[in-house]
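The values are calculated or read from the model by the stated rules, or taken from the named source; none is laboratory data. Please read these numbers as outputs of a predicted model, since none were measured by experiment. Please note: Cβ atoms are built from the backbone with ideal geometry, for glycine as well, and neighbour counts cover all protein chains shown.
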């Protein structure tokens, strides 16, 4: 005898199962570390990052998912001297194809560190923030790097507000802030945010999971083309060479002592966090204008008085704490910049050539 169909009963069971799965997932709250990269497909050479309407790119700001897709998560070879570079979009190198970044240029040099091969990994991620860098550094240490090259600039070490990356990595950020007694503008809201079962469920994480699925699907395109970014031409224009006569910097005037504003203690926290892993702190190159009002401003973002104070303060801090420090602020001529901070492909190679001797001398003898 055929049992009559009971649609309402089926619907009820399906809904109950869906709710149960969501509750179980929220209770477990797994990190998004499963990835087809470094297994079915090659690991990515830089973190996924995308603008709008880019079919073969995706915006992922969850640090676990980012690292799982990156080749730094692959097993470290016995003859490998592993070097990770951390910083902002100038390290990620917006506008430059992944195979042509300055770190891939260094990999092509086959640099030897004693009996080992120097292998560079690009862990730069757009948006300058020392706290963001510390979150990435903390997780990257699990990949057992031998050296961390930490690129900073004035905007990196200034106090910043909570941004999408910080919000997406709330627990890791708060762990950093608490461990090293750091603060962040908007921190109270970050701490007050309740991560209930809803936020941790499949429904609550649907945006992240949808982007994670797209990232896995893009593995085939990455394997075939190494395409991970589309330059829409917005950065093809050279930086402004004629500047305004404004001397203020983020509301501060020349009589301000910049060192009192800088989060230099956060740079110290990075050295403490790294433990026995070497850190080379690098002041990254900037565009230096020579047009109108260039005698009072280096570029659109930095008046000379503010940037000069920053350089002096960072150098003094490095000297006092005996940090390995390299200042490359003027190492690349202006014609090799696509923005005030972003280098062209050739500009990146010039920066790499300026960086390489210090790495070889300090760590590869």
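With the requirement that a residue be outside any helix (DSSP H, G or I) and under 25 Å from residue 313 (Cβ atoms), what does segment 163-175 give you? Within segment 163-175, just 163 meets the criteria. Go through segment 303-343 and give me each residue that's buried (at least 16 other Cβ atoms within 10 Å of the Cβ), in a loop (DSSP other than H, G, I, E, B) and at pLDDT 95 or above. Those that are buried (at least 16 other Cβ atoms within 10 Å of the Cβ), in a loop (DSSP other than H, G, I, E, B) and at pLDDT 95 or above: 323, 328, 329, 331, 332. Residues in segment 63-82 that are surrounded by fewer than 21 Cβ atoms within 10 Å (Cβ to Cβ) and outside any helix (DSSP H, G or I): 74, 75, 76, 77, 78, 79, 80. Regarding residue 84, is this residue at pLDDT 90 or above and in contact with a helix residue (DSSP H, G or I) (Cβ under 6 Å, 6 or more places away or on another chain)? Yes, satisfied.
All conditions but one from (1) surrounded by fewer than 20 Cβ atoms within 10 Å (Cβ to Cβ); (2) in a loop (DSSP other than H, G, I, E, B); (3) touching a residue at least 24 places away in the same chain (Cβ under 8 Å) apply to residue 117; the one that does not is (2). In the set (1) more than 30 Å from residue 178 (Cα to Cα); (2) at pLDDT below 95, the condition left unmet by residue 287 is number (2). Each residue in segment 219-228 was checked for being touching a strand residue (DSSP E or B) at 6+ places or on another chain (Cβ under 9 Å) and surrounded by 15 or more Cβ atoms within 10 Å (Cβ to Cβ), and 4 of them qualify.
Tell me whether segment 143-151 contains one or more residues that are on the phi < 0 side of the Ramachandran plot, in contact (Cβ under 8 Å) with a residue 12 or more places away in the chain, part of a helix (DSSP H, G or I) and under 16 Å from the mean Cα position of the chain (by Cα). There is at least one residue in segment 143-151 that is on the phi < 0 side of the Ramachandran plot, in contact (Cβ under 8 Å) with a residue 12 or more places away in the chain, part of a helix (DSSP H, G or I) and under 16 Å from the mean Cα position of the chain (by Cα). Residue count for segment 92-113, restricted to those that are surrounded by fewer than 22 Cβ atoms within 10 Å (Cβ to Cβ), in a loop (DSSP other than H, G, I, E, B) and in contact with a helix residue (DSSP H, G or I) (Cβ under 9 Å, 6 or more places away or on another chain): 4. Residues in segment 339-365 that are farther than 14 Å from residue 287 by Cβ and touching a residue at least 12 places away in the same chain (Cβ under 8 Å): how many? Number satisfying all stated conditions: 13. The numbered conditions (1) at pLDDT 90 or above; (2) in a helix (DSSP H, G or I) are all true for residue 199 except (1).
Is at least one residue of segment 235-255 more than 30 Å from residue 290 (Cβ to Cβ), at pLDDT 90 or above and in contact with a strand residue (DSSP E or B) (Cβ under 8 Å, 6 or more places away or on another chain)? No, segment 235-255 contains no residue that is more than 30 Å from residue 290 (Cβ to Cβ), at pLDDT 90 or above and in contact with a strand residue (DSSP E or B) (Cβ under 8 Å, 6 or more places away or on another chain).
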